[in-house]
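A.B. asks: Take this structure first; my questions come after.
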Amino acid sequence: MTHRTSVQPAPTRRRWLAGLALAAAPLLLSACGFRLRGTATPLVFSRLQLSAPPHSPVARLLIPQLQASGVSLVAQPLPPGGAPPEVLLDIAQDQSERAVAGTTAAGQVRELQLRQRLRFRLRTLAGRELIPDTELLQQRELSFTEAQALGKEAEEALLYQDMQQALARQLMARLAALRSL
């Protein structure tokens with residue numbers, strides 16, 4: 001009867017360095033300020049009244065983020081016996097724009113520029129401006145070919161959705177930056 005003993009090869013220097021780099025990555029990322037998007041940031045106010053254009057996509061995305069931050073949305077007009085809002089968020093403009101950015105010599109569209117524009121302000125019930133009238137803008141470039149029009153239409157919708165989500169995050173970051181009312 002023969003015994004076989006398996007001998008494990010010693011870890012190579014390359015494996016050891018790879019393991020060390022993998023273990024050090026979280027430490028390096030935390031040292032540079034990197035943080036995953038996680039739980040909502042607490043805000044300095046707890047009741048907000050939102051005024052936005054009808055069918056505003058950014059306002060629709062903003063509402064769950066506000067609620068996740070512990071903010072109660074106060075209806076317009078104020079219900080009887082309801083607590084008044086601490087702040088008023090007025091979204092004056094939430095607009096999608098599309099412009100031709102490039103054409104061929106034959107006049108066919110080759111590139112589009114997509115923009116999502118948001119204009120807002122935040123004030124107290126007494127009228128004190130916490131965030132003056134501010135405009136945020138997101139834009140993306142989209143190459144275009146007539147042969148792929150249907151696919152480009154879907155890509156355009158995804159780009160608009162991405163821009164709207166980015167604007168909602170930017171607005172939440174501005175609200176979270178407030179230190180007092």
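The values are calculated or read from the model by the stated rules, or taken from the named source; none is laboratory data. Quick caveat, the model's predicted, so the values are computed rather than measured. When we count neighbours, we look across all protein chains shown, and the Cβ atoms used for this are built from the backbone with ideal geometry, even at glycine.
A.B. asks: Please find, among LEU89, LEU112, LEU66, LEU62, the residue that is crowded, with 18+ Cβ neighbours inside 10 Å, closer than 22 Å to ARG179 by Cβ and either without any contact (Cβ under 8 Å) to a residue 60 or more places away in the chain or in contact with a Phe, Trp or Tyr (Cβ under 8 Å, 6 or more places away or on another chain) (or both).
C.D. replies: Step by step, each of LEU89, LEU112, LEU66, LEU62 is checked, and only LEU89 is crowded, with 18+ Cβ neighbours inside 10 Å, closer than 22 Å to ARG179 by Cβ and either without any contact (Cβ under 8 Å) to a residue 60 or more places away in the chain or in contact with a Phe, Trp or Tyr (Cβ under 8 Å, 6 or more places away or on another chain) (or both).
A.B. asks: State the number of residues belonging to the range 76-86 that are surrounded by 11 or more Cβ atoms within 10 Å (Cβ to Cβ) and either within 16 Å of SER46 (Cβ to Cβ) or β-branched (Val, Ile, Thr) (or both).
C.D. replies: The number of residues fulfilling the criteria is 5.
A.B. asks: Can you tell me which residue in the range 61-85 is nearest to the chain's Cα centre (by Cα), limited to those that are in a loop (DSSP other than H, G, I, E, B) and of a type in the set (S, T, N, Q)?
C.D. replies: SER69
A.B. asks: Ok, one more. Filter the range 117-126 down to the residues that are in contact with a strand residue (DSSP E or B) (Cβ under 9 Å, 6 or more places away or on another chain) and not in a strand (DSSP E or B) and list them by number.
C.D. replies: Step one: of the range 117-126, the residues in contact with a strand residue (DSSP E or B) (Cβ under 9 Å, 6 or more places away or on another chain) are 117-125.
Listed by number, the list holds a single entry, LEU125.
A.B. asks: Give the residues of the range 69-86 that are within 28 Å of ASP162 (Cβ to Cβ) and either free of Cβ contacts under 8 Å to residues at least 24 places away in the same chain or touching a Pro at 6+ places or on another chain (Cβ under 7 Å) (or both), sorted by residue number.
C.D. replies: The answer is SER69, GLY70.
A.B. asks: Still on this structure, please answer the following. Taking the range 130-160 as the region of interest, how many residues are under 20 Å from the mean Cα position of the chain (by Cα), assigned to a helix (DSSP H, G or I) and in contact (Cβ under 8 Å) with a residue 12 or more places away in the chain?
C.D. replies: Residues meeting the conditions: 4.
A.B. asks: Could you list, in sequence order, the residues of the range 92-107 that are surrounded by 11 or more Cβ atoms within 10 Å (Cβ to Cβ) and touching a residue at least 12 places away in the same chain (Cβ under 8 Å)?
C.D. replies: Hits for the range 92-107 are ALA92, GLN93, ASP94, GLN95, SER96, GLU97, ARG98, VAL100, ALA101.
A.B. asks: State all residues of the range 119-162 that are of a type in the set (A, V, I, L, M) and within 25 Å of ALA99 (Cα to Cα); if no residue qualifies, say none.
C.D. replies: Residues satisfying the conditions are LEU136, LEU137, LEU142, ALA147, ALA149, LEU150, ALA154, ALA157, LEU158, LEU159.
A.B. asks: Consider the range 159-181. How many of its residues are loosely packed, with under 11 Cβ neighbours inside 10 Å and within 19 Å of LEU137 (Cα to Cα)?
C.D. replies: Of the residues in that region, 1 qualify.
A.B. asks: How about the range 38-60: which of its residues are over 14 Å from ALA173 (Cβ atoms) and not in a loop (DSSP other than H, G, I, E, B)?
C.D. replies: If the condition is that a residue be over 14 Å from ALA173 (Cβ atoms) and not in a loop (DSSP other than H, G, I, E, B), then ARG47, LEU48, GLN49, LEU50, SER51, PRO57, ALA59, ARG60 are the ones that fit.
A.B. asks: If you don't mind, there's one more thing I want to ask. Among LEU159, LEU114, LEU61, LEU130, which is in contact with a strand residue (DSSP E or B) (Cβ under 6 Å, 6 or more places away or on another chain), at pLDDT 90 or above and within 23 Å of VAL44 (Cα to Cα)?
C.D. replies: LEU130
A.B. asks: Which count do you get for residues in the range 134-151 that are within 24 Å of LEU89 (Cα to Cα) and surrounded by fewer than 12 Cβ atoms within 10 Å (Cβ to Cβ)? First the steps, then the outcome.
C.D. replies: Narrowing the range 134-151 to residues within 24 Å of LEU89 (Cα to Cα): 134-139.
Narrowing further to those that are surrounded by fewer than 12 Cβ atoms within 10 Å (Cβ to Cβ): 135.
Of the residues in the range 134-151, 1 are within 24 Å of LEU89 (Cα to Cα) and surrounded by fewer than 12 Cβ atoms within 10 Å (Cβ to Cβ).
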